[in-house]
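Beneath this line is the structure, given in structure tokens, with notes to follow.
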Amino acid sequence: MKRFGIMLIIIILCFLLQSTFFQALALADVVPNLLLIITVAVGYMRGRKEGLVIGLICGLLSDFVYSDVIGVCALIYMVIGYLNGIFNMLFFRDVLTIPILLIGVSDLVYNFMYYVMEFLLRSRLNLFFYFRRIMIPELVYTVLVSVLLYKLLHNLNAFLERRENKEV
Amino acid sequence: MKRRTRISIEPKYILASCTALCLVIILVSFKYSDGLGPIKTSVGTVLSPMQKGINSIGRYISDRVDDLKNIQSLQSENKKLKEELSTISYENKILQQDKYELENLRNLYQLDQKYASYPKVAARVISKETNNWYNTFLIDKGTEDGLAVDMNVLAGNGLVGIITEAGKNYSRVRSIIDDSSNVSGMFLKTSDTCIVTGSLKLIDSGLIQVSHISKDADVKDGYEIVTSNISDKYLQGILIGYISDITVDANNMTKSGYLTPAVNFNRLDTVLIITELKENTEELKEMMK
């Protein structure tokens, strides 16, 4: 329960930063997707169930504040959280390559699914333009930020696990 | 030591049920977007003061940094501006005379009703959309300050967008460069109508797509486009921008071109909201029934 509360605070904090602070630091007009990093990190570190729940919360939050149709982001984030949960069996402490790779691939998958659900359905067919204009820059920026953010989340997770073990 | 044994459900069943839930929410919110308003705005109402706080900190810091940088340039600019002011105040006097004359003429033609100045409220932009696909942003005023959905948003003297969601202390604005935005426009000189459509493809070049101009329309590059009289949400006569690159479409019936907006969307800090909705909206709806 304590873990859930802490995660909720982190999600809201990242959402606020993503919508204000990082908008000022936007490179090539894109903003890193912090919520996605959280979803992937939790899925990878904690397994399918928690990845799914955290993804759902992240998606609903951005849907509620910024979108007309609720549920699109929630669905995408949730599926991504679940899929990354499968890679929980590969989880090793202090290994950075696998999670960074997962975050990169997930960002691409997220943007592609978002494109299909929001743009392709409105007959915006030029996939390669959007690929170059949004997906690739966001991928690069997100991966760069994720090196730092994943490290933080990883240490937080280790700290919480130690606390939980002590309690038991 | 766990106090109770939890019933563990396979994650894939949770996934399946949550997916179904999401699909239901998507359908419901798509069908009944009005009914879900209160739930949606409640989240924004909680979050927007926080966004405002972060922004004010950021603005304070950047202001201090700018202060240091700018003192010298400001002094020289001040000198230049003072000279400019004297010439402008002279011009202003002439304009005031013209205005007086114009008012008299308008009274004669009884046109003043149409172009009466609208009541406006100023607001600050507090945050932008978190994903990179759309161009909507939040402002720090809401229904408490008399704002409502479908009110027009301006900056400087050009159109910025329209309010699509109004919470208690915040509103969401969809800008005209947004990929899902469509504005009914009109050439100021010739009154030919057209459709101004935002497009993600053109955002980097700072342009907006203009289409459905009648082929017979006698329009040239550089003409002003304003919001049209047939739009049911945008008040008439607000400047949108200037057209360029007019070409005849492949169907040989309409023309299209590109529009340079009158507002710089990269540096949007404060906006003005017209607190008056297009008057005949209700009447139109009645007529539609």
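The values are calculated or read from the model by the stated rules, or taken from the named source; none is laboratory data. Computed from a predicted model, the values in this text were never measured in an experiment. For neighbour counting, all protein chains shown are included, and Cβ atoms are generated from backbone atoms with ideal geometry for every residue, glycine included. Just the protein is used for accessible areas: all its heavy atoms, side chains included, with ligands, DNA and RNA removed. Shrake-Rupley method; radii C 1.70, N 1.55, O 1.52, S 1.80 Å.
Summary of values
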{"item": "Mean separation of Cα contacts under 8 Å (6+ apart) over length of region A:34-161, as relative contact order %", "result": "29"}
{"item": "Residues whose placed amide H lies under 5 Å from that of B:Val160, excluding near-sequence neighbours", "result": "B:Val153, B:Leu154, B:Ala155"}
{"item": "Net +/- balance of residues flanking B:Pro49 in space, Cβ distance below 11 Å, scoring K and R +1, D and E -1", "result": "+1"}
{"item": "Accessible area per residue in Å² at 1.4 Å probe, computed on chain B", "result": "62"}
{"item": "Interface residues in region A:69-103 - accessible area drops by 40 Å² or more relative to the isolated chain, probe 1.4 Å", "result": "A:Val69, A:Ile70, A:Leu75, A:Met78, A:Tyr82"}
{"item": "Whole-percent pair-distance distribution, where bins are 10 Å wide, for the alpha carbons of the protein assembly as shown", "result": "4, 17, 25, 24, 16, 9, 4, 1, 0"}
{"item": "Distant alpha-carbon pairs in region A:34-120 (separation over 20 angstrom), percent", "result": "29"}
{"item": "Order by protection proxy (mean Cβ within 10 Å, highest first), peptides B:69-79, B:12-22", "result": "B:12-22, B:69-79"}
{"item": "Mean separation of Cα contacts under 8 Å (6+ apart) over length of chain B, as relative contact order %", "result": "16"}
{"item": "Among A:79-86, B:40-47, the order from most to least packed when residues are scored by Cβ within 10 Å on average", "result": "A:79-86, B:40-47"}
{"item": "Farthest positive-ward along chain A dipole, Cα basis, beta-carbon charges - from A:Ser146, A:Val30, A:Tyr44", "result": "A:Tyr44"}
{"item": "Apportionment of accessible area to carbon and sulfur, chain B, percent (1.4 Å)", "result": "55"}
{"item": "For residues of A:23-36, the mean tally of beta carbons on other chains within 10 Å", "result": "3"}
{"item": "Positive-end residue of B:Tyr134, B:Val210, B:Val121, charge dipole of region B:120-280 with Cβ unit charges", "result": "B:Val121"}
{"item": "Sequence ranges A:59-65, A:1-7, ranked by mean other-Cβ count within 10 angstrom, highest first", "result": "A:59-65, A:1-7"}
{"item": "Set A:Lys2/A:Lys49; B:Lys99/B:Lys120; B:Lys201/B:Lys255; B:Lys168/B:Lys278; B:Lys99/B:Lys128 screened for pairs whose C-alpha atoms are more than 28 Å apart", "result": "B:Lys99/B:Lys128"}
{"item": "Shielding of B:231-238 by partner chains, average beta-carbon count, 10 Å", "result": "0"}
{"item": "For A:Arg133, net neighbour charge (Lys/Arg +1, Asp/Glu -1) across residues whose Cβ lies under 13 Å away", "result": "-1"}
{"item": "Sum of -39500 (n - 2.57) over DSSP H runs of 4+, divided by residues of the protein assembly as shown (222 nm, nearest 500)", "result": "-17000 deg cm²/dmol"}
{"item": "In Å², nearest 10: area of A:Ser19 left accessible to a 1.4 Å probe", "result": "0"}
{"item": "Straight-distance crosslink candidates among aspartates and glutamates, where the alpha carbon sits under 15 Å from B:Lys93 and sequence neighbours closer than 8 are dropped", "result": "B:Glu84, B:Glu101"}
{"item": "Unit charges on C-beta of K, R, D, E only; dipole of the protein assembly as shown, Debye", "result": "2240"}
{"item": "Shielding by partners - mean other protein chain Cβ count within 10 Å, residues of B:9-22", "result": "5"}
{"item": "Charge context of B:Ile213, other residues only, Cβ under 11 angstrom, K/R +1, D/E -1", "result": "-2"}
{"item": "Region A:42-102: trypsin sites (Lys or Arg not before Pro) falling in loop per DSSP and having at most 15 other Cβ within 10 Å", "result": "A:Arg93"}
{"item": "Burial of 20 Å² or greater, region A:1-20 residues [accessible area, probe 1.4 Å, versus chain by itself]", "result": "A:Ile12, A:Phe15, A:Leu16, A:Gln18, A:Ser19, A:Thr20"}
{"item": "Portion, in percent, of the accessible area of chain A that falls on carbon or sulfur, probe 1.4 Å", "result": "74"}
{"item": "Approximate shape of chain A as ellipsoid semi-axes (Cα gyration tensor, √5λ), whole Å, largest first", "result": "27, 16, 15"}
{"item": "Summed buried accessible surface, chains B and A, 1.4 Å probe, nearest 100 Å²", "result": "4300"}
{"item": "Accessible surface, per residue, of chain A when the full set of protein chains is kept, probe 1.4 Å, Å²", "result": "45"}
{"item": "Convex hull of Cα atoms in region B:171-289, direction-averaged projection (nm²)", "result": "8.8"}
